[in-house]
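These notes are about the structure you will find just below.
The values are calculated or read from the model by the stated rules, or taken from the named source; none is laboratory data. Since the structure is predicted, the reported quantities are computational estimates derived from the model, not experimental observations. Positions of Cβ are backbone-derived with ideal geometry, glycine not excepted, and every protein chain shown enters the neighbour counts. Accessible surface areas use protein heavy atoms only, side chains included; no ligands, DNA or RNA. Shrake-Rupley method; radii C 1.70, N 1.55, O 1.52, S 1.80 Å.
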Amino acid sequence: MKMEKVYVTTSLHASESVCNQGRKWAVSIHAFFIERGEQNIEQLLTAYHIEAILVFTMQGPEIRTFLGRHAFHLSMAELRIQHIRQGMTDYFLEALGAEGPVRLLDCTCGFGSDAIVASFGLPAGSDVHALEISPYMAAVTSWGLAHFVHKQADVTKAMRRIGLQHDDYRDYLRRTDIAPYDIIYFDPMFARPIRSSPQFHPVRNLLEHETVSDECLALALTKARRRVVIKGRSFQRLKMVYPRVKLYGGKYSRIGYAVLECEHG
């Protein structure tokens with residue numbers, strides 16, 4: 001994967017302590033630190049010819065672009081976890097179909113919502129590993145998973161159990177040295193309402209927009225021990241290629257999950 005040059009700065013008039021933390025954080029994620037001075041974000045983006053920059057603040061890092069800002073939050077995971085506590089069905093967990101501990105690979109982590117729900121809702125002893133191709137999103141989401149403290153201790157523990165790395169799942173799945181996963185999960189951007197959802201607006205130009213290729217799905221089926229799960233709206237083409245695909249989701253839900261069982265599982 002080609003490494004993208006990423007820049008980090010601090011909030012305007014940040015204390016020396018925050019500046020020092022920002023410098024150390026930049027080193028830890030292999031980014032370049034920029035002294036903020038009196039420049040606003042638009043000036044920095046223009047001066048360095050970049051479309052995004054990571055701003056380290058007292059509350060943690062956030063992505064800043066010409067379109068707005070994004071900081072870590074649980075997004076829809078918050079409501080879904082409440083529903084799980086109430087005994088309601090989460091169709092994602094139903095599609096994962098885990099009756100005991102499993103090792104899950106989330107290939108498209110993004111904001112981390114599905115990874116958090118999986119870590120919270122899967123059987124005890126399960127292992128959730130996540131990949132994110134955008135270095136900006138990977139940096140902010142990984143910081144949140146490692147540092148954000150939820151009001152419920154079990155949610156905080158669920159976040160801490162997730163291992164997230166900046167990587168391209170297409171490259172990752174081609175490696176021969178990765179440990180096997182029981183379930184491999186894809187949530188491609190075409191399945192997300194990016195243009196109608198305000199949370200995606202500031203970062204929509206930074207995220208992966210390619211669909212999961214037939215080649216990649218075939219590869220995932222050789223890498224997973226049990227099943228491959230794909231989130232989406234319409235699975236007509238997938239059903240043509242894989243007639244035995246199983247679909248999960250609510251009758252009136254805009255999205256659903258397609259499950260491909262591994263023949264060697």
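Within the assembled protein chains, the solvent-accessible surface assigned to Val149 is about 110 Å², based on a 1.4 Å probe.
At the residue level, Lys246 shows approximately 90 square angstrom of accessible surface with a 1.4 angstrom probe and all protein chains present. Of all the options Ser126, Ser253, Ser28, the one that moves most in a Gaussian network model of the chain with Cα springs shorter than 10 angstrom is Ser253. How large a share of the accessible area of the chain, in percent, is made up of carbon and sulfur atoms when the probe is 1.4 Å and the other protein chains stay in place? Heavy-atom surface of the chain belonging to carbon and sulfur, 1.4 Å probe: 52 percent. With the helix formula -39500 (n - 2.57) applied to DSSP H stretches of n ≥ 4, the chain reaches a computed 222 nm mean residue ellipticity of -9000 deg cm²/dmol.
Computed over all pairs of different Cα atoms, the Kirkwood value for the hydrodynamic radius of segment 109-193 is 13.6 Å. Near Thr141: Cβ cut-off under 12 Å, other residues only, Lys/Arg at +1 and Asp/Glu at -1. The net charge is -4. Put simply, when 133-141, 39-47, 54-62 are sorted by average Cβ atoms within 10 angstrom per residue, most first, you get 133-141, 54-62, 39-47.
Any idea which of Met58, Ile81, Val102 is furthest toward the positive side of the dipole for segment 9-116, if Lys and Arg beta-carbons carry +1 and Asp and Glu beta-carbons -1? Result: Met58, furthest along the dipole toward the positive end. Counting only protein chain heavy atoms and rolling a 1.4 Å probe, the accessible areas of Thr156, Thr222 rank, largest first, as Thr222, Thr156. Each of Leu67, Leu206, Ala130 was scored by the projection of its Cα onto the charge dipole of segment 59-218, and the greatest displacement toward the positive side belongs to Leu67; charges sit on the C-beta of Lys, Arg, Asp and Glu. Overall, the ratio between the Cα radius of gyration of segment 112-265 and 2.2 N^0.38 Å, rounded to two decimals, is 1.07. With the convex hull drawn over the C-alpha atoms of the chain, the volume per residue is 138 Å³.
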